[in-house]
Amino acid sequence: MPDKVLVTREIPEAGLQPLQGYDLTVLSEAPPERDELLEAARGASGVLSNVTEKIDAEFMDAAGSGLKIVANMAVGYDNVDVEAAKERGIVVTNTPGVLDETTADTAFMLLLAAARRLGESERTLRAGEWEWWGPKLFVGVDVWGKRLGIVGMGRIGQAVARRGKGFGMEILYHNRSRKEDAERELDARYMGLEELLQTADFVSIHTPLTDETQHLIGADELGKMKPTAVLVNTSRGPVVDEAALADALVNGRIFAAGLDVYEEEPKVHPKLLERENAVLAPHIGSGSQETRDRMAVLAAENIVALLSGKEPKTPVNQ
Ligand code: GLV
């Protein structure tokens with residue numbers, strides 16, 4: 001009997017190929033209801049999950065004692081209870097490395113769009129309300145030559161920093177540990193979070209969501225930023241206090257924000273939805289076909305490796 005493998009959402013075809021020899025269940029395009037998910041997990045040896053599914057103790061117990069691997073098709077794995085997996089001897093894997101450049105593109109796209117008021121000006125044009133070219137119309141702030149502050153200087157943070165360097169920006173960063181390679185290669189300057197917030201013209205967040213980073217950026221931190229500064233978040237919504245950010249945008253405490261992630265996806269704080277100076281994307285950070293293919297293949301290969309007695313490529317809890 002082939003092992004049972006559950007894929008919690010429709011994924012790119014490339015990721016289904018390596019799984020063809022298994023007893024494969026692929027749920028629908030939309031996130032499954034909790035009951036459907038638990039039911040579908042029963043008896044699975046491997047699960048290919050997505051960020052929309054809460055893979056907690058209840059899920060693992062519903063799958064049963066045969067569950068050996070949860071392969072999350074994302075670099076972030078805050079949706080998976082890694083402790084509960086460890087207690088049950090379940091390996092958890094993620095998809096690091098294959099999405100860095102694409103996610104960095106998204107961060108830079110939001111940074112540029114927020115700085116130059118693309119969302120607001122495009123909405124005006126499409127509404128048929130663009131009347132004339134104007135010397136004072138939709139003027140934003142420059143990106144080139146400014147200071148880019150990276151919070152979380154991992155692979156994605158460094159990929160954003162490289163883009164900033166290409167735009168002639170000065171790179172500042174804050175991270176748990178110093179990154180001497182980045183300091184050498186990008187002339188990046190290490191700073192405490194407070195100093196970075198006070199100094200940077202653009203702040204881009206690239207930390208994982210953990211107990212320590214929950215609401216890392218709240219009212220106090222936003223209060224330290226320059227009134228001309230732009231905040232970009234492509235990491236996880238709860239790293240930023242969304243209500244505090246909405247207030248900072250309403251009060252002109254900062255110039256603009258570019259967001260790809262939210263505290264309670266797919267809900268977005270109503271005040272943010274009203275703000276012209278918020279550029280809002282629906283969690284599309286890694287959303288290029290090439291990268292989604294690579295993520296799906298890597299997640300599937302981790303399952304195949306583990307179920308055939310080999311080491312998975314990218315475990316998070318070993
Ligand atoms: C997407 O959000 C990811 O973590 O890869």
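The values are calculated or read from the model by the stated rules, or taken from the named source; none is laboratory data. Keep in mind the model is a prediction, meaning the values are calculated, not measured. Note that each Cβ is placed from the backbone with ideal geometry, even for glycine, and that neighbours are counted across all protein chains shown. Each accessible area value is taken on the protein alone, full model and side chains, heavy atoms only, with ligands, DNA and RNA left out. Shrake-Rupley method; radii C 1.70, N 1.55, O 1.52, S 1.80 Å.
One table, with the values for the structure above:
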| read-out | value |
| --- | --- |
| Net charge contributed by nearby residues that have their C-beta within less than 15 Å of residue 23 (K/R +1, D/E -1) | +2 |
| Which of 12, 52, 22, positive extreme of dipole for region 5-68 (C-beta unit charges) | 22 |
| Cross-link reach list, lysines versus residue 136, counting only Cα pairs under 25 Å and skipping chain neighbours closer than eight places | 146, 226 |
| Whole-Hz ³J(HN,Hα) from phi, Karplus 6.51 cos²θ - 1.76 cosθ + 1.60, for region 61-73, glycine and proline x | 5, 5, 5, x, 6, x, 6, 10, 8, 10, 9, 7, 8 |
| Rounded, prolate or oblate (a/c below 1.5 giving rounded, otherwise prolate when a/b exceeds b/c) for region 1-44 by Cα gyration tensor | oblate |
| Apportionment of accessible area to carbon and sulfur, the chain, percent (1.4 Å) | 50 |
| q = 0.12, 0.14 Å⁻¹: log10 I(q)/I(0) that the Debye formula gives for region 165-318, counting C-alpha atoms only | -0.64, -0.83 |
| Most positive-pole-ward Cα, 289, 273, 258, against dipole of region 241-318 from beta carbon charges | 289 |
| Cα pair count fraction exceeding 12 Å, expressed as % - region 109-168 | 73 |
| Positive-end extreme of charge dipole, the chain - chosen from 166, 302, 225 (charges on Cβ) | 166 |
| Estimated D of the chain in µm² per second, where Rh is the Kirkwood radius over Cα pairs and Stokes-Einstein applies at 10 °C, 1.306 mPa s | 76 |
| Kirkwood hydrodynamic radius of region 1-148, Cα pairs, Å | 18.5 |
| Environment charge at residue 210 (Cβ cut-off 10 Å; Lys +1, Arg +1, Asp -1, Glu -1) | -2 |
| FRET efficiency, residue 167 to residue 35 (Cβ-Cβ, R0 51 Å, nearest 0.05) | 0.55 |
| Axial C-alpha extent at least 20 Å, average Kyte-Doolittle at least 1.0 - helices from the chain (DSSP) | none |
| Region 257-318: Rg to Rh, with Rh as the Kirkwood radius over Cα pairs | 1.21 |
| Reachable aspartates and glutamates from residue 86, criterion Cα separation under 19 angstrom, eight or more residues apart if same chain | 53, 56, 58, 61, 78, 211, 311 |
| Area accessible to solvent at residue 34, 1.4 Å probe radius, in Å² | 70 |
| Rounded to whole Hz, the Karplus (6.51, -1.76, 1.60) HN-Hα couplings of region 276-282, x for glycine and proline | 5, 8, 10, 9, 10, 10, x |
| Other-chain or far-sequence residues with amide H under 5 Å of residue 173's (modelled H) | 150, 189, 190, 191 |
| 11 Å beta-carbon shell around residue 45, net charge (K/R +1, D/E -1) | 0 |
